[in-house]
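The values are calculated or read from the model by the stated rules, or taken from the named source; none is laboratory data. Note that the structure is predicted; figures quoted are calculated from it, not measured. Counting neighbours? That spans all protein chains shown, and the Cβs are built from the backbone with ideal geometry, glycine included.
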Amino acid sequence: MTQDDASTPLPGRWFAMAALLMANFINLIDVTIVNVALPSMQDAFGATDSQIEWVVAVYILTFALLLLPMGRLGDVVGRRRMFLLGVGVFTLGSTLCGFAPGIGSLVAARVVQGIGGAMMIPQTLAIVPALFAPKERGLAFALFGLAAGLAAVTGPVLGGLLIAGDFWGLDWRPIFLVNIPVGAIAVAATLRYVPSLPGDADLRLDFIGVGIAGLALLMVLFPLIEGRQLGWPVWCWLLMLGAIPVTAAFVIWQKAQARRNAPQLVPARLFDNREYMIGTGLVMMIFAGIPGFFLVLAILLQVGNGLTPLQSGLTTVPFSAGVLVASILSGKLGVRWPRARIAAGAACLAAGMIGLRFALPGAGEDLSRTLLGLPLTVAGIGLGSAISPLFQTVLANVKGHDTGAASGALQAFQQVGAALGLAVMGELFFSTLKTRLPGAADPVAVYSDALALAVTFSTVSFVLIALLVWRLPAPADPTATVDNPPAV
């Protein structure tokens, strides 16, 4: 029974909400906390540049690929049961990461983490209506946004503190092991306070669609990440070209499933919605510029300029603070001036990336963390300003009965964009280091030049967003909202 039908408030509902928030928090913080630890992991395992990219990319890829089918599976087996399984798998993956003996096992453990994240995250927002009456849901959903902001701000600092503490001589490993007690508390609170939510066993999943989509993504990501190490053989280029017909096959399969009234990974109607597809492309572009940027920035700060993980984490706080403040202000504006806010936010992101070029140390110069703070703050304000109106604008062009599916698909494409951007920016950054670093008189300047080249990709993406967003119609429905807000 949901709270729409209940005459009295559900006892312990806020304890149940705390369990959902904890699961959401550890998933979000895991993204930011890992970036700070990457140089330490690379040093500990003697990992190659591509291997360290996979530590981030494989989690994003797994999460993106399974987000939609796991959400659907929650409808089949029950949201509560699926959430518990997801937290358990995520906690297991965190344990395996924390005790990984080598880089290969760490990457494999990150796959387990990604599976767990995809299992639990779609259930968190879906469980809220079973806990709260409509009048309380606004506050409940707002807490998810607060958790996302806190994760963005505290992740880099917490990662730096855990690594600097070197607890029990474990170096970077506590950034994963800290999830174990949090996961255990979330499971216990869910078992005690979240009501049983039965599923519908008659629902089905599109396993073939999942397979085709996964193949298309791997055909692009694998060459982008591994091609540099392999010397870019011809088959790498052929593999990426082959992703085009495979992607077309995915669309054809989804439409064929729709004609048969069979399950679809992405509702086929969305492919015929021009405004939605343009908006999805913009979402992919904006998120393509973020994870890759923080990966190369962490390596520049720690490897290129000798900062500790804690100093590196503190250096990136202005970006997270900018996101948090701008998100709060953006929420107060509601749905007013959406395209102007998206364009202004994208312009701020581009300005922040350009400003970094002037804040990075050149030949014979020392890094100024204070100087870096200004462009990072501007970029953070841009991201926080653009995300909410972008999702609202895209989803306002979807009919009501498709909004839930469109929102879930949009989040999945968000993660796909992040994985692709990570691969492209990593290629630009590490190829520059590989070419210029050996025998360089001033390695610091080489790292600065490598990052400047990498952020050219994100800068161009943000400028294109500021221009292309005007191709989208403004939301006609003033009540348009996002069912599942994105995790920044």
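Across the range 90-106, what is the number of residues that are closer than 11 Å to ILE180 by Cα, hydroxyl-bearing (Ser, Thr, Tyr) and more than 19 Å from the chain's Cα centre (by Cα)? Count: 1.
In the set (1) surrounded by fewer than 19 Cβ atoms within 10 Å (Cβ to Cβ); (2) within 27 Å of GLN42 (Cα to Cα); (3) in contact (Cβ under 8 Å) with a residue 40 or more places away in the chain, VAL76 fails one condition alone, (2). Any idea which residue in the range 195-237 is modelled with the lowest pLDDT, counting only those that are surrounded by 15 or more Cβ atoms within 10 Å (Cβ to Cβ) and in a loop (DSSP other than H, G, I, E, B)? Step by step, filter the range 195-237, then rank; the result is GLY199.
Any residue that is in a loop (DSSP other than H, G, I, E, B), surrounded by 18 or more Cβ atoms within 10 Å (Cβ to Cβ) and at negative phi - is there at least one of those in the range 384-397? Yes; the residues of the range 384-397 include at least one that is in a loop (DSSP other than H, G, I, E, B), surrounded by 18 or more Cβ atoms within 10 Å (Cβ to Cβ) and at negative phi. If the condition is being surrounded by fewer than 24 Cβ atoms within 10 Å (Cβ to Cβ), among the aliphatic types (A, V, I, L, M) and out of contact with any Phe, Trp or Tyr (no Cβ under 9 Å at 6 or more places or on another chain), then the range 303-325 contributes LEU307, LEU310, LEU314, VAL317, ALA321, LEU324, VAL325. Listed by first and then second residue, the pairs linking a residue in the range 422-449 that is not assigned by TED's automatic domain parsing to the domain that holds LEU356 to a residue that is modelled with pLDDT of 90 or more, with Cβ atoms under 6 Å apart and 6 or more places separating them unless they lie on different chains, form an empty list.
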